[in-house]
1. Mind checking the full-extension length gain between Met140 and Asp95? Use 0.36 nm per residue of separation minus the Cα-Cα distance, one decimal, nm.
2. Of Leu367, Leu181, Leu236, which has the largest mean-square fluctuation in a 10 Å C-alpha GNM of the chain?
3. How long are the semi-axes of the ellipsoid equivalent to the chain, from square roots of 5 times the Cα gyration tensor eigenvalues, in whole Å, largest first?
4. Could you work out the pair-distance distribution P(r) of segment 32-125 from its alpha-carbon pairs, with 5 angstrom bin width and percents rounded to whole numbers?
5. Under 1.5 on a/c is rounded, so check that first for segment 282-336, then, if it is not, pick prolate when a/b is larger than b/c and oblate when it is not; a ≥ b ≥ c are the square roots of the alpha carbon gyration tensor eigenvalues.
6. Segment 1-59 to segment 347-422: how many Å between their Cα centroids?
7. Taking every Cα atom in segment 168-218, find the radius of gyration and the maximum pairwise distance Dmax, and write them in Å.
8. Calculate what fraction, in whole %, of the accessible area of segment 34-278 sits on carbon and sulfur atoms when a 1.4 Å probe is rolled over the protein chains.
Amino acid sequence: MNHFEYKNGELFCEDIAVSTIAKEVGTPFYLYSKATLERHFEAFDSGFKGVDHLTCFAVKSCSNIAVLSLFSGLGGGADIVSGGELFRALSAGMDPKRIIYSGVGKTEEEIRYGLTSGILLFNVESAQELHRINEVAADMNLKAAIAFRVNPDVDPKTHAYISTGLAKNKFGIPIQEALDLYLEANEMTNIDVQGVSCHIGSQLTLISPFVETLRKLKKFALQLADKGINIQYLDLGGGVGITYDDEEPPHPMEYAKAIQEELAGLDVTLILEPGRVIVGNAGIMVTEVQYTKTNRGGEQEKHFIVVDAGMNDLTRPSLYGAYHSISPVVEKGNGSQVADIVGPICETGDFLAKDREFPEVAQGDLLAVESAGAYGFTMASNYNSRPRVAEVMVSGDQFRVIRKRETMESLIQGEAIPEFGE
Ligand SMILES: *Cc1c(COP(=O)(O)O)cnc(C)c1O
């Protein structure tokens, strides 16, 4: 359920016509519904209300501080993967004791920043990282709380680029090798071993891989207990999928129920790192048709709808061949045709949709690219020297720009034409 709905043939976000916002802020822009963000967060989080848990929103999926602040206010935490994301979470007012730090390549500086800020946990992904954290913590004269991200070797049955929990993926520590590392870490003076964590992939539409993972982690936690290491946190990662097209992901309640059944008997605080499932369908990208054209070659005819948003603004179609539903903001009841919806970037891979049955549209029409709340703006770049677009949030009949459209000046900010000596 989300709050993007047609009323009398016109797309609304909550109580405002999307076209009204477009008139004021220009196109393209990302548009988030506050009521939907809240609803999706609550739908996920409330499923776990029977157990000690912490819902750490995956900042990389949608990192605007307005969004982070909203989840923080609802009792959520943050799963971060860089110093930049830590800065965002703290800037949003997030309690550092609800921040966990994942990622395979934490630098010494980032580790120091995490320790200074007093975050809850580092999810450690290699033996070298463990040693580095121990050294930095020793230098700062404190103890770093850690969990190891173990790789359970479970097939998430999702897109190859977004599966992370297989032995062949770069993430985590193979569960068979993890025990030795736990024993080593447990002896380190500046390390406090507190958890086991994992994240097996993204856009999962089945519950079974999560249950299989949890079963392996549970077994592992009992092995640790046998060795005298009692963990306090069990982190199951993120990855619950959403409907982009015709996928049928589990309802968050079903997911929560299955997890809790499997968790029974283990006395830990459960950590969850959802991203997409909360924000994916709480945001759209709005773009304007610039041109329509038909290329004819022999018998073939190919229709193109050229819009003002490109792969730099929403990269998922180009990067993963991902499907996004696209609809005219104002329905006109025209006939339809099969067309590619493409951007202005000088790359053949710059498309939002391919061979899509689409209503006939004209120059100046607005299109809504749906399900764009996750991995949309956060993956945007300035490629082709295009300023990044605005982000807008709606609440009821009000809207606010939560990130200004970049300007020409922002494109060259920090650049310099060097002067070299003779
Ligand atoms: C990306 C990521 C997530 C969030 O994944 P979603 O599929 O958006 O839920 C959670 N944890 C880690 C470690 C990640 O890298």
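The values are calculated or read from the model by the stated rules, or taken from the named source; none is laboratory data. Model, not experiment: these values are computed from the prediction. FYI the Cβ positions are ideal-geometry reconstructions off the backbone, even for glycines, and counts take in every protein chain you see. The protein model used for the area step is the full one, side chains on, heavy atoms only, and it has no ligands, DNA or RNA in it. Shrake-Rupley method; radii C 1.70, N 1.55, O 1.52, S 1.80 Å.
1. On the way: separation 45, 0.36 × 45 = 16.20 nm, distance 2.11 nm.
Result for the pair: 14.1 nm of gain on full extension.
2. Comparing Leu367, Leu181, Leu236 in a Gaussian network model of the chain, the most mobile one is Leu181.
3. On the way: eigenvalues 331, 121, 84 Å².
Result for the chain: semi-axes of 41, 25, 21 Å.
4. 3, 14, 27, 23, 17, 10, 5, 1
5. Working: a/c = 2.01, a/b = 1.30, b/c = 1.55.
Oblate, since a/c reaches 1.5 and b/c is not below a/b.
6. Segment 1-59 and segment 347-422 have Cα centres separated by 19 Å.
7. Both quantities, over Cα of segment 168-218: 13.5, 42 Å.
8. Values: 4760 of 9960 Å².
Heavy-atom surface of segment 34-278 belonging to carbon and sulfur, 1.4 Å probe: 48 percent.
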